[in-house]
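Okay, so here's the structure we're looking at.
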Amino acid sequence: MNYPKELKNSKSLLAKYLTPEVFEKLKDRTTANGYTLAQAINSGVQNPDSGIGAYVGDEESYTTFKELFDPIIEEYHGFKSTNKHKSNFNPDDLNAPNPDPENKYIISTRIRVGRNIKDIPLGTAISSEQRNKIEQDISSTLLTFTDELSGKYYPLNNMSKQESESLIKDHFLFKAGDRFLETAGLNRDWPNGRGIYHNNDKTFLVWINEEDELRIISMQNGGDIKEVFTRLSKAVKLLQSKVKFAYNDHLGYITSCPTNLGTAMRASVHIKVPNLGKNMDKFQEIADKYNVQIRGIDGEHSKSVGGIYDISNKRRLGVTEVQCVQDMYDGVVALIKAEQELVSLS
Ligand code: ADP
Ligand code: ARG
């Protein structure tokens with residue numbers, strides 16, 4: 001394998017840190033599961049517009065290819081390879097009163113964490129048998145949940161196009177055919193082994209076998225962030241008492257993309273800030289200051305519609321779950337203030 005020429009004009013972190021020297025050093029290494037450098041970088045090579053561009057196949061990949069992943073992790077999370085991850089999922093420690101009690105800006109709040117099963121390859125390298133077994137085991141465990149967390153499991157290969165389209169449009173279900181996931185090997189055998197569990201109100205949801213083996217989600221309309229966090233904390237604790245997830249003291253929860261390591265938490269609001277939307281430089285400046293990320297309304301790599309944006313914490317590793325939400329909260333408070341100032345100026 002030669003140095004991929006596609007990276008020459010790419011601005012991804014992969015292109016930045018996979019120098020020809022690092023490439024030469026890593027090109028023949030594999031993990032015990034047989035995951036190679038070519039697999040780890042394929043998504044970023046095929047999609048030179050990637051922000052990151054690399055995925056791992058298993059926990060071991062983070063050490064086998066550490067010359068590539070350590071600097072990516074350090075730049076994305078501000079986390080050094082000598083640091084240790086920390087956790088605090090206690091809702092009592094969260095100070096996040098509803099930043100928009102009059103419902104003028106915040107449309108909905110969603111917090112998710114990613115999880116992968118211990119000692120099994122990640123979705124990038126999993127076999128169809130292993131993937132199907134996860135679907136079986138996790139869906140039957142979830143079906144034992146009661147009260148607010150009680151729900152049903154909907155496998156993707158048994159869902160009508162109409163049903164899946166409506167779940168996607170309403171922001172509950174993942175989309176099909178993402179080109180970054182496709183080239184990372186994460187869409188193999190689609191739609192088999194994938195599905196969604198949710199309660200009746202769709203405030204507690206679990207995606208099975210998308211980018212991570214599990215995405216555990218709590219969401220609802222409005223800006224009651226603490227209620228969303230409390231529900232998620234309870235559900236994750238319960239699931240964790242029944243299933244062993246891949247975790248280590250250094251990187252926290254192990255995920256296929258280095259951006260999700262640590263807490264694997266993305267806490268977001270859908271927020272209507274049309275004036276900031278017309279002042280993207282200012283919007284981005286505030287987002288950078290508060291370590292939040294701006295996404296469009298239909299998830300990653302989508303566009304804003306009607307001045308509504310998805311604002312979420314950027315750092316997930318080396319910060320606790322409470323701090324992830326606090327980052328998002330502080331950013332949202334600052335953005336609401338900036339939007340109000342722009343309105344009063346106009
Ligand atoms: P992830 O959260 O797993 O990183 P995406 O950014 O692709 O994934 O978002 C997944 C789905 O969740 C999309 O349909 C998106 O619109 C929806 N979503 C994200 N945040 C919110 C929110 N605060 N309220 C409602 N839907 C949301
Ligand atoms: N691989 C994509 C990129 O590099 C997405 C990275 C972060 N998002 C994610 N869903 N893991 O742009």
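So how many residues does region 98-119 have that are surrounded by fewer than 19 Cβ atoms within 10 Å (Cβ to Cβ) and either of a type in the set (Lys, Arg) or within 16 Å of ligand 2 (Cβ to nearest atom) (or both)? Residues in region 98-119 being surrounded by fewer than 19 Cβ atoms within 10 Å (Cβ to Cβ) and either of a type in the set (Lys, Arg) or within 16 Å of ligand 2 (Cβ to nearest atom) (or both): 2 in total.
May I ask you to verify whether Phe23 is away from ligand 1 (no atom under 16 Å from the Cβ), of a type in the set (A, V, I, L, M, F, W, C) and outside any helix (DSSP H, G or I)? Criteria not met by Phe23.
When region 71-97 is filtered for residues that are in contact with a helix residue (DSSP H, G or I) (Cβ under 7 Å, 6 or more places away or on another chain), surrounded by fewer than 16 Cβ atoms within 10 Å (Cβ to Cβ) and not in a loop (DSSP other than H, G, I, E, B), the ones remaining, listed by number, are Glu75, Asp93. Scan region 263-318 for residues that are within 15 Å of ligand 1 (Cβ to nearest atom), touching a residue at least 60 places away in the same chain (Cβ under 8 Å) and at positive phi and jot them down. Result: Ala264, Gly299, His301. Per this entry, Asp137 is not counted among residues that are of a type in the set (D, E, K, R), part of a loop (DSSP other than H, G, I, E, B) and either more than 16 Å from ligand 2 (Cβ to nearest atom) or exposed (fewer than 12 other Cβ atoms within 10 Å of the Cβ) (or both).
Every condition in (1) farther than 27 Å from Leu156 by Cα; (2) more than 12 Å from ligand 1 (Cβ to nearest atom); (3) of a type outside the set (A, V, I, L, M, F, W, C) holds for Asp201 except the one numbered (1). Scan region 156-184 for residues that are within 25 Å of Tyr309 (Cβ to Cβ), part of a helix (DSSP H, G or I) and of a type in the set (Asp, Glu) and the total you get is 1. Of the residues making up region 41-69, those that are near ligand 2 (Cβ under 7 Å from one of its atoms) and either assigned to a helix (DSSP H, G or I) or among the β-branched types (Val, Ile, Thr) (or both) number 3.
The condition (being over 12 Å from the mean Cα position of the chain (by Cα) and either under 17 Å from Gly78 (Cβ atoms) or within 16 Å of ligand 2 (Cβ to nearest atom) (or both)) is satisfied by just one residue among Gly306, Gly252, Gly262, Gly277: Gly252. Collect the residues in region 167-178 that are more than 22 Å from Asn116 (Cβ to Cβ) and surrounded by 13 or more Cβ atoms within 10 Å (Cβ to Cβ), keeping them in residue-number order. Across region 167-178, the qualifying residues are Leu167, Ile168, His171.
Only the coordinates and a few stated rules stand behind these numbers; no lab work does. For clarity, every value in this text was computed on a predicted model and none was experimentally measured. In this analysis, Cβ positions are derived from the backbone assuming ideal geometry, glycine residues included, and neighbour counts consider all displayed protein chains.
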